[in-house]
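Q: Sharing a structure with you now.
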Amino acid sequence: MRNLIMQPARQQYSSAILGRFSARHIFFFLAAIIGFLLILQIILSNILATSGENLAKIDSLINQTKQENSKLKAEIAQEGSLSNVETKAKELGMIEASKFVYIDRTVPVAQNLR
Amino acid sequence: MFRYRITAVIFGFAISAILLRLLYWQVLASDNLVRRGEKQYFLKLEVPASRGEIRTSDNYPIVTNKQAYLVYARLPDLEKSPKEIRDLLTPILTDDYLSKTASESARLSGFEEIENRLDEALNAQNLIWVALAHKVSSETKEKIEGLNIKGIGFENEKERYYPEASMAAHVLGIVGSNDTGDPTGYFGIEGYYDNQLKGRPGSIDQERDAQSRPILTGLYRPVDPKDGRNLTLTINRTIQYIVEKKLAQAVEKYQAKSGSVIVMDPKTGAVLSMASFPNYNPQNWQEYSEDSFKNPVVADTYEPGSTFKVISMSAAINEKEVKPSTKCDICAGPIEIGGFSIRTWNNKYYPQTTMTETLQHSDNTGMVFVSKKLGLNKFYKYIKDFGLDSPTGVDLQDEAQTSLRPKNDWKEIDLATASFGQGIAITGIQMVRAVSVIANGGNLVKPQIVSKISDGDKTIRIEPEIEKKNLISKETAEIVTEMMVNAVENGEAKYFLPKGFKVAGKTGTAQIPIDGHYDPNKTIASFVGFAPVDDPKFVMLVRFTEPTTSQFGSETAAPTFFDIARDLFAYFGVYPGR
């Protein structure tokens, strides 16, 4: 009984909307949405396709940076090796101390020995 | 009706067969099929783990990793003939090889060997992919890339790199390959800590397009590699440098077959330096024989000779069997035991010699007197207490498994000769540890080489370990120390002692047993000692095998000990008077 009362009101509302837009309008509206979505898909596919290549480039860059880092680390270690330091020191004219002289802590440095 | 039933049965069977097949594909064979499918569109890459670094106590990477490359050929893609490629690559790969080797023989045979290897690889039958050279440098890679040879490619590899070249080679060990071709540590630290250093390789599963480029929206399953842990050693780079330099000079000067030195902190057991000559370069370990890799300090046993007298004397004094002033009443001449005659090293005899003088003159008869006072039971107990019956447990792979003969097998002559270090075999590291007991006031420490294990931000410290406390009393340690100081200041090696310094030490000259008798011309010359005596910073053992300019420890090992000690005093800031 309640359904019978409600039905005329719904029909009245639908007819009011449809009355404002013709079937042609609706067709063009749906076609526009479909067209928009198709273009969007093409754009996104295009972006994604090139992103794959970019990702490969980034991967390669990360790899290259890691390799460079490892190379630099090895070079720093090589430069800091004691044999290298000794060679450089000799090139600068330094010589190995052949004798150690110890200053007696109990005697003042400026003591007059005369 | 009959036809209807027949048709129904046939359909029933057909549907059941389809359902069973579907059940097989969807449930039973599902995992296998998924894997096979994934293989077609997933690219699986193994991401190798980086092997951990080894650092000296000043945090210097004495072993690190360097970027290197594997050169390979995809045989179906080659456009040039194998001979043309071989001729192009051989000079470049030979240069790469020669830049890493110092061996003259390797230099002469290098070109030919590489040429043959390339020939073999490039003409391989039924293979698509062949490795042409491992661990080539970035420069070599660039040179090969410049040749634009189609079908030749590169893969990343890590190479172990030793910035200090052969420094501490016997401590470090080498990295080779195991049966499956994975990098594996052998000998020394690399061998002992292989599980800590090697890490765990990771992998990447990624969906790829037809050109093998990654698909951004595709599946990406990374499993990160777990890099190996870094180790920090107790080895002090400066001391190691000093020791190696002086030892190399001494081995040459005394024309010894080999030589070795250990420097250890007697309070903690931290090994500050460990060196042996001849040594090897771990970068080119393939050029050396396998015998070169064993660390003589821990792997070789020797008869310690007179250096052992300090251990016997410590035991007798601790047991209050003798005092420094006790006089020997059997030292007037050779002692006859079990048909053997025990003499002194120079055939000089000191009647009524004191125990202090026994060490000073390195008197074998005096030590026989000590052993008689002590008796086998106590002597045997002290040898065990001083850790001479078992490995020290130092964290190096190649430590020798030493053991003592059962006590029941010992005869009177064995006790007598063992008291002055003959007829008993120990390693260098055992000797240093035993003397550390005297230096540190009575505690048996465990020698250690690694002080820290680092895993990212997490660091595990390996604390010094004291295995036995008060093995001898503090008083005994002080008395024996004074006796050792006297042995240095008034003994055979007194001329080499740096002026003003107090060093406790003892020389040793042991004959080498060969085929059941002692070779009269071949000796092991050694000197063990510690300084400064009031607060020892180091205990050091210097040992030469078969020195030829002089057979005696007092003329070879002792001068080397003091030569090194002089630099160590300067390094530790120890001044004369201590």
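Rule-based calculations on the coordinates, nothing more; no lab input. Note that this is a predicted model, so its numbers are computed, not measured. Cβ coordinates were reconstructed from backbone atoms using ideal geometry, including for glycine residues, and neighbour counts include every protein chain displayed.
Q: Sorted from fewest to most neighbouring beta carbons within 10 Å, what does the list B:L20, B:L272, B:L172, B:L75 look like?
A: Going from least to most buried by this count: B:L20, B:L75, B:L272, B:L172.
Q: Can you list the HN-Hα couplings for region B:305-321, worked out from phi with the Karplus curve (6.51, -1.76, 1.60; θ = phi - 60°), rounded to whole Hz and with x for Gly and Pro?
A: Along region B:305-321, the couplings run x, 5, 4, 6, 4, 5, 6, 4, 5, 4, 4, 5, 6, 5, 7, 6, 7 Hz.
Q: Here is a further query. With angles folded into 0 to 90 degrees, how steeply does helix B:364-385 sit against the dominant principal axis of chain B? Use alpha carbons for both and round to 10.
A: Its long axis makes an angle of about 40 degrees.
Q: Roughly how far apart, in whole Å, are the Cα centres of region B:521-541 and region A:40-85?
A: For region B:521-541 versus region A:40-85, the Cα centre distance is 53 Å.
Q: Considering the zone a paramagnetic label at B:H517 would reach in this model (a point 7 Å from Cα along the Cα-to-Cβ line), which residues of region B:396-428 have amide N under 18 Å from it?
A: What the label zone holds, given the 18 Å backbone N cut-off, is B:423.
Q: Going by how many other beta carbons lie within 10 Å of each one, how would you line up B:T402, A:T87, fewest first?
A: Placing the least packed residue first, the sequence is A:T87, B:T402.
Q: Can you list the lysines whose alpha carbon is less than 18 Å from that of B:K411, not counting same-chain residues fewer than 8 positions off?
A: Reachable lysines: B:K372, B:K373, B:K378, B:K381, B:K384.
Q: Rounding to the nearest 10 and keeping the result within 0 to 90°, find how far the Cα-based axis of helix B:474-490 lies from the longest principal axis of chain B.
A: Result, in degrees: 80.
Q: A further question on this structure: Name the residue farthest towards the positive end of the dipole of region B:65-162 from the options B:Q67, B:T140, B:L89, assuming +1 on Cβ of Lys and Arg, -1 on Cβ of Asp and Glu, about the Cα centre.
A: Going by the charge dipole, the pick is B:Q67.
Q: If you don't mind, another one. Kindly express, to the nearest 10 degrees and within the range 0 to 90, the angle between helix B:30-41's C-alpha long axis and the longest C-alpha principal axis of chain B.
A: 90 degrees
Q: If you keep only loop residues by DSSP, which trypsin sites (Lys or Arg not before Pro) in region B:491-575 have at most 13 other Cβ atoms within 10 Å of their Cβ?
A: Sparse-neighbourhood loop trypsin sites (Lys or Arg not before Pro): B:K499.
Q: When the helix-only estimate is applied to chain B (DSSP H runs of n ≥ 4, each -39,500 (n - 2.57), divided by the residue count), what is the mean residue ellipticity at 222 nm, nearest 500 deg cm²/dmol?
A: -11000 deg cm²/dmol
Q: How about B:K143: which lysines have a C-alpha closer than 26 Å to its C-alpha, ignoring those fewer than 8 places off in the same chain?
A: A:K57, A:K66, A:K71, A:K73, B:K66, B:K80, B:K83, B:K100, B:K135, B:K158
Q: Can you tell which of B:I383, B:L19, A:A23 lies farthest toward the positive end of the dipole of the protein assembly as shown, using +1 and -1 charges on the Cβ of basic and acidic side chains (Lys, Arg; Asp, Glu)?
A: Projecting each Cα onto the dipole axis, the largest value belongs to A:A23.
Q: Please compute the net charge surrounding B:G37, taking Lys and Arg as +1 and Asp and Glu as -1 over other residues with Cβ under 15 Å from its Cβ.
A: For residues surrounding B:G37, the net value is +2.
Q: Name the residue from B:N295, B:P464, B:L98 whose Cα lies farthest towards the positive end of the charge dipole of the protein assembly as shown, charges +1 on Cβ of Lys and Arg and -1 on Cβ of Asp and Glu.
A: Farthest along the dipole direction, towards plus: B:P464.
Q: I've got another one for you. Under 1.5 on a/c is rounded, so check that first for the protein assembly as shown, then, if it is not, pick prolate when a/b is larger than b/c and oblate when it is not; a ≥ b ≥ c are the square roots of the alpha carbon gyration tensor eigenvalues.
A: prolate
Q: For region B:505-513, what does the Karplus curve 6.51 cos²θ - 1.76 cosθ + 1.60, with θ = phi - 60°, yield as ³J(HN,Hα) per residue in whole Hz, taken in order and with x for Gly and Pro?
A: x, 8, 7, x, 9, 10, 6, 9, x
Q: Now for a separate question. So which GluC sites (Glu not before Pro) in region B:27-97 are both in a DSSP loop and have at most 11 other Cβ atoms within 10 Å of their Cβ?
A: Listed in order of number, the matching sites are B:E79.
Q: While we're on this one: Name the long-range amide H neighbours of B:V322: under 5 Å, sequence gap of 5 or more, or other chain; modelled H, no Pro or chain starts.
A: The list, which skips near neighbours in sequence, is B:I317.
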